[in-house]
Amino acid sequence: MKKIKYIARIKRYNPDTKESYWQDFPVEVEDSLTVLELLMYIKDKIDGSLTFRAFCRSAICGSCAMVINGRAGLSCKIQAKDKIRNGVIRIEPLHHLPVVKDLVVDQEPAFDKFKKIKPYLVPDPKKVPDSLNSESLVTPEEFKLYDKQTDCILCMACYGSCNALEGEEKYLGPFQLTKAFRFIADSRDGVDIEERIKLVEDHGIWDCVQCQMCLAACPKGIKPAEDILELRRIAKDSGEDNPGTRRAKHWFADVFATGQIDKWHLPENAFGDEVGKEMTKQLEEEFRARGLKEEEFGPQPFDGIEQFQKFLKRLVKEAE
Ligand code: SF4
Ligand code: SF4
Ligand code: FES
């Protein structure tokens, strides 16, 4: 077995002193180790106090997610040698969660948000069989809608990568929203779609910035960002009227009319209240201060917009 030398740079946290620091561990180990095996080697041979969480070692239990060279993932699934850069591999705890010790984070805040979306099926009385002799059947086509999402192992790698959480810690989070989509798509669920949508609107679907980092992080190939777009579409189609749906409608109408978003009227149209109007007024003042004339405030249709509109209409038809 080939051995390689490199430095494992690990972010540590001592809960007694509340001190957080990076520690370098020079190692010479087999090149076949996963990141988790590397951590186990260090704990066994160099520093027994190094703390991390793991169980199955097979990408099933979801307990070993951490940030490796800036990207969240399962340490038992990632080969250490693939992550060595200039002789160093950097390992730190998942972001957006309080650190308990070294690489162990407290998952409770994320689970508290998870509970808010009712992450369980409430049987629809019309679909529940009268006796155990029959089953509540789902067609293969129906199951395809949420098959992938049922693979979620709650590892929180997506949560630790989410850019929306950088700016707003109350944001529900990617796996929570993916799970919400999974139950909305399940025909056996007895909760009204409107009710399920309401559960994901406050600091939820409209706060996602569509950075796609959750897709990149997920070890199971789940795409929370796409499920969030689907939830937005469901919210819009179910007639929800709130700043999020109004903003979405406004964006589409603007882009259809001119090819650009009309940021000038966006606050007024999205919020529809005095605060929104005041924001639009402030933007007007900024435009004037920059020397713009009234007719230059909003975006104007570009030459050939008709072709673009035909293209958009075709896209909408295909999506229906
Ligand atoms: S796409 Fe949305 S949910 Fe996914 S990581 Fe980015 S902000 Fe978070
Ligand atoms: S969606 Fe993927 S990354 Fe997020 S918790 Fe589930 S399995 Fe982990
Ligand atoms: S140890 Fe179970 S997923 Fe990595």
One residue from GLU296, GLU284, GLU306, GLU318 being acidic (Asp, Glu) and surrounded by 12 or more Cβ atoms within 10 Å (Cβ to Cβ): GLU284
Selection status of LYS277, basic (Lys, Arg) and either touching a strand residue (DSSP E or B) at 6+ places or on another chain (Cβ under 8 Å) or farther than 30 Å from ALA180 by Cα (or both): yes
Selection from segment 139-154 of residues that are outside any loop (DSSP other than H, G, I, E, B) and either more than 22 Å from the chain's Cα centre (by Cα) or surrounded by fewer than 17 Cβ atoms within 10 Å (Cβ to Cβ) (or both): PRO140, GLU141, GLU142, PHE143, LYS144, THR150, ASP151
Filter result for the condition that a residue is touching a Pro at 6+ places or on another chain (Cβ under 6 Å) and more than 16 Å from ligand 3 (Cβ to nearest atom), over LYS118, LYS126, LYS198, LYS179: LYS179
Residues being under 24 Å from TRP206 (Cβ atoms), touching a helix residue (DSSP H, G or I) at 6+ places or on another chain (Cβ under 7 Å) and either in a helix (DSSP H, G or I) or touching a residue at least 40 places away in the same chain (Cβ under 8 Å) (or both) - total across segment 261-312: 12
Filtered residue count, segment 66-85, keeping only those that are farther than 15 Å from ALA8 by Cα and either of a type in the set (Lys, Arg) or part of a loop (DSSP other than H, G, I, E, B) (or both): 3
Inter-residue pairs, beta-carbon under 9 Å, first farther than 13 Å from VAL67 by Cα and in segment 80-99, second in a loop (DSSP other than H, G, I, E, B), 6+ apart: LYS81/ASP31; LYS81/SER32; LYS81/LEU33; ILE84/ASN69; ARG85/ASN69; VAL88/ASN69; PRO98/ASP106
Pick from segment 158-183, criterion within 16 Å of ligand 2 (Cβ to nearest atom) and without any contact (Cβ under 8 Å) to a residue 60 or more places away in the chain, ranking: farthest from the chain's Cα centre (by Cα): ARG182
Cβ-Cβ under 9 Å pairs, at least 6 apart or on other chains, segment 1-16 side at pLDDT below 95, far side surrounded by 17 or more Cβ atoms within 10 Å (Cβ to Cβ) and not in a strand (DSSP E or B): none
Enumerated helices (runs of 4 or more DSSP H) restricted to segment 155-252, each holding at least 3 residues that are over 27 Å from CYS76 (Cβ atoms): 174-184, 193-199, 224-237
Meets criteria (exposed (fewer than 12 other Cβ atoms within 10 Å of the Cβ) and in a loop (DSSP other than H, G, I, E, B)) for SER136: no
Residue check, LEU94 modelled with pLDDT under 95 and either closer than 30 Å to PHE183 by Cβ or in a loop (DSSP other than H, G, I, E, B) (or both): no
Conditions (1) under 20 Å from LYS101 (Cβ atoms); (2) out of contact with any Pro (no Cβ under 9 Å at 6 or more places or on another chain); (3) within 16 Å of ligand 2 (Cβ to nearest atom); (4) not hydroxyl-bearing (Ser, Thr, Tyr); number of the one not met by ASP44: (3)
Check on LYS116, surrounded by 15 or more Cβ atoms within 10 Å (Cβ to Cβ), assigned by TED's automatic domain parsing to the domain that holds MET156 and touching a residue at least 60 places away in the same chain (Cβ under 8 Å): yes
Hits in segment 35-65 - residues which are more than 10 Å from ligand 3 (Cβ to nearest atom) and not in a loop (DSSP other than H, G, I, E, B): GLU37, LEU38, LEU39, MET40, TYR41, ILE42, LYS43, ASP44, LYS45
The listed residue being in contact (Cβ under 8 Å) with a residue 24 or more places away in the chain and of a type in the set (Asp, Glu), out of GLU135, GLU142: GLU142
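The values are calculated or read from the model by the stated rules, or taken from the named source; none is laboratory data. Since we're looking at a predicted model, the values are computed, not measured. Reconstructed Cβ throughout: ideal geometry from the backbone, glycine too, with neighbour counts over all protein chains shown.
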